[in-house]
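The next block holds one structure in the form of structure tokens; read it before the comments.
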Amino acid sequence: MRTRAVATFALAVALTAGAGCSDQTPVGPTTPPSLARVGGGGGAGGARRHVILMREGRTSIADLAARVHALGGRVMREHADIGVLTVSGLSDDALASLAARGDVEAVEADQRVRMIPPLGALGTQRLTAQTDQSGAFFFPAFQWNMRQIRADKAWLVTHQGAGALVCILDTGIDPDHIDLAGKIDLGLSTSFVDSEPDVLDRAGHGTFVAGIISSNGLGVASVAPDARLCALKVLDQTGVGSFSDLIAAIVYAAQHHVDVINMSLNAYFPIQTRDDLELVAAVQRAIDFALRRGTLPVAAAGNDTANLATDPRNFISIPAQLRGVVSVGATAPINQMDFDRIAGYSDVGFPGVDVFAPGGDFIPGQSVQQDLIISPCSGLVCGGEDFYLIGAGTSFAAPHVAGQAAVIISDARHRIGPVLLTACIEATADHPTGRFIDPLYGHGRIDVLKSALCRR
């Protein structure tokens, strides 16, 4: 094995700065920011956008769209299933006119927010390919995460996610990486980011997440080796994305009957204005639609060291704390001991965080590199299709649960929807503290092998 740039490693975690494992612990801010607006309400380099929410039960979305055009605006996206329009190019007077309509609940400026950190220093390692999941090159030394949740035991007795489709709402995916080649449904994959119309991953985050869910077992093993993946790009290469793009991707996945969506992204902020509340409501509408269509949403709980059960009531973690979303916190060992320890950066607290899964951690002077999570690196970041990164974050805990859901789906004798999937994930979790529902751990740390048996 040959090593490049091993002095620092990417810690790709939501809403925190990347931290080199040689200098500081990857923790989030102690005081969460208000909703961090980046570049106003428009798309990158384009006219400002607004999100229009229609009143529940109204069916005149076509009439509303026509009115937008008449006022000189452009309908960018029309989500009739949830009563939401994304529009651009409207004057303040035109927006006020639309807000006054009886069929309109709210007209709010779209917001672009940082949901993962910008690209930082990356540690990459080149490997010699092996032939199967159990023989993945890094499995023995680095992948404590697969062993801790008994994903490796499930490989032997399950369908390994075969027939399940997981879409990753992130920075894109590198479909040519040796551990992801042939696994990405490129026909279904698409970008919702105006400035990056392809699904290629220029940040490295989405590719890393994808390899945890499903891989070819060459460099790294995965939770659901036979699951099918798709890339729905909602974040640009700087980790910034808009609420309207997130809504559009969730609705798109539901309309295409995706089994699971993984959202390793997060915004944690206080709801201070009605505008904030209405944007949250719009994302909730998209989540509700996904649930009705049989799509399970899984999300990173966040890396703000917050207790979501006891923080001020107006604070919210999006999308983790939305109704129906499985929110995932992170665990990690120190020096390969105490594997169910809650990672130092992870949000905690029930209700708020539903379950925990391995996310990795690094405490200078105490941790070793093996305490982190390893996964594929996008070729556009690392310069080759056989490179890997190690990192930490609830971003990397969430895909363990998305992969677990794929395994449950593939082994279920009958169609299993989001409610039963969630119940299975929660009921089969291990309880590190001995409590069935713990005030910090929620339902506990996931167990893939046990959960694969619950719907047979």
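Coordinate-derived values only; no laboratory data. From a predicted model like this one, the values you see are computed outputs, not experimental measurements. Reconstructed Cβ throughout: ideal geometry from the backbone, glycine too, with neighbour counts over all protein chains shown.
Adding -39500 (n - 2.57) for every DSSP H run of four residues or longer, then dividing by how many residues the chain holds, sets the calculated 222 nm ellipticity at -7000 deg cm²/dmol. Suppose we keep just the DSSP beta bridges with both residues in region 221-335; what percent of those would be antiparallel, to 5? Antiparallel: roughly 35 percent of the beta bridges in region 221-335. Decide, for region 301-433, between rounded, prolate and oblate: order the square roots of the alpha carbon gyration tensor eigenvalues as a ≥ b ≥ c, take rounded if a/c falls under 1.5, and otherwise choose prolate if a/b is larger than b/c, else oblate. Note, shape of region 301-433 comes out oblate. Could you tell me the distance between the Cα centroids of region 352-426 and region 47-104, to the nearest Å? Comparing the Cα centres of region 352-426 and region 47-104, I get a distance of 38 Å.
Peptides 423-429, 134-140 ranked from most to least packed by the mean count of surrounding Cβ atoms within 10 Å: 423-429, 134-140. Once each part is reduced to its C-alpha centroid, what is the distance from region 153-185 to region 187-221 in angstrom? Each part's Cα centre sits 10 Å from the other's.
Within the chain, the ratio Rg/Rh, alpha carbon atoms throughout and Rh by Kirkwood, equals 0.97.
Spin-label model, ASP338/SER134: points 7 Å from Cα along the beta carbon direction are separated by 3.3 nm. Take every DSSP beta bridge with both residues inside the chain and express the antiparallel ones as a percent of the total, to the nearest 5. Here the antiparallel bridges make up roughly 60 percent for the chain. Using a cutoff of 8 angstrom between alpha carbon atoms and counting only pairs six or more residues apart, the relative contact order for the chain works out to 20 percent. Summarised in one figure, the compactness ratio Rg/Rh of region 49-109, Cα atoms and Kirkwood Rh, is 0.90.
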